[in-house]
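J.: Just passing along the structure, written as structure tokens.
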Amino acid sequence: CVVSVANVPPPLSTIRPGSPVPVNTNNPGVHKAARFGVYRYNNSSNDLFLFKESQIKKAMVQIVRGLKYMLHVEIKRTVCEKRDHSSLDSCHFQREKNLQQMLRCYFEVWITPWTHKVHIPVAHCH
């Protein structure tokens, strides 16, 4: 599943370039950025299962040659195995107690909509 960068909405038209400002965790751009962070985590983890964002705890955005999102996200293990390459939208969270796992992550996701580029310099999960 590929998320298009072209239709990431600007978080708030009132933001000036410069310092990071808080942005609503329900913002569609925040959700897209969180999903990019999750893709990055899934690509680098050696877990058998895919993880998916369960809750966005805190979101900041900074305008620097595009939008740089700084996100604190909880991700949980899904029932989808990596080798199936499922779309995360159709992946449900693990229900089996011994397979459930939740991680807290910090993602920095830098989106430049006019070049259709996404760069994820930071993806720390524990």
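The values are calculated or read from the model by the stated rules, or taken from the named source; none is laboratory data. Nothing here was measured: the structure is a model prediction, and the numbers come from that model. For neighbour counting, all protein chains shown are included, and Cβ atoms are generated from backbone atoms with ideal geometry for every residue, glycine included. We work out accessible area using only protein heavy atoms, side chains counted, and drop any ligands, DNA or RNA first. Shrake-Rupley method; radii C 1.70, N 1.55, O 1.52, S 1.80 Å.
J.: In the chain, how many lysine pairs have Cα atoms under 18 Å apart, counting only pairs 8 or more places apart or on different chains?
T.: 15
J.: With a 10 Å radius around each residue's Cβ, average the other Cβ atoms per peptide and rank 55-65, 85-95, highest first.
T.: So the peptides 55-65, 85-95, ranked by packing, come out 55-65, 85-95.
J.: Sort all Cα-Cα distances of the range 27-71 into consecutive 5 angstrom bins from zero, then give the percent of pairs in each bin up to the one containing the longest distance.
T.: Histogram of Cα-Cα distances, whole percents per bin: 5, 21, 28, 21, 14, 8, 3, 0.
J.: Specify which residue in the list Ser44, Val23, His126 is farthest towards the positive end of the charge dipole of the chain, using unit charges on the beta carbon of Lys, Arg (+1) and Asp, Glu (-1), about the Cα centre.
T.: Toward the positive end, the furthest listed residue is Val23.
J.: Relative to the longest principal Cα axis of the chain, at what angle does helix 28-44 sit, 0 to 90 degrees, rounded to 10?
T.: 50 degrees
J.: Would you compute, from DSSP H runs of 4+ residues alone, the mean residue ellipticity of the chain at 222 nm, taking -39500 (n - 2.57) per run and dividing by the full residue count, rounded to the nearest 500? Write down the numbers at each step before the final one.
T.: On the way: 1 runs with 17 residues, N = 126.
Computed mean residue ellipticity for the chain: -4500 deg cm²/dmol.
J.: On each of the three principal axes of the Cα atoms of the chain, give max minus min coordinate, whole Å, ordered largest first.
T.: Projected onto the principal axes, the Cα atoms of the chain cover 47, 25, 22 Å.
J.: Separate question: Please report the relative contact order for the chain, taking Cα pairs under 8 Å with a sequence separation of at least 6, and give it as a percent rounded to a whole number.
T.: On the way: 254 pairs, mean separation 33.1, N = 126.
The value is 26 percent.
J.: Taking the full set of protein chains and a 1.4 angstrom probe, give the accessible area of Cys125 in square angstrom, rounded to the nearest 10.
T.: Ignoring ligands and nucleic acids, Cys125 comes out at about 40 Å².
J.: What does the charge dipole of the range 31-102 about its Cα centre add up to, to the nearest 20 debye, if the Cβ of each Lys and Arg holds +1 and the Cβ of each Asp and Glu holds -1?
T.: 300 debye
J.: Test of understanding: what is the full-extension gain from Lys117 to Asn26, defined as 0.36 nm times their sequence separation minus their Cα-Cα distance?
T.: 30.5 nm is the gain from fully extending Lys117 to Asn26.
J.: Accessible area of the chain with a 1.4 Å probe: how many percent of it is carbon plus sulfur?
T.: 53 percent
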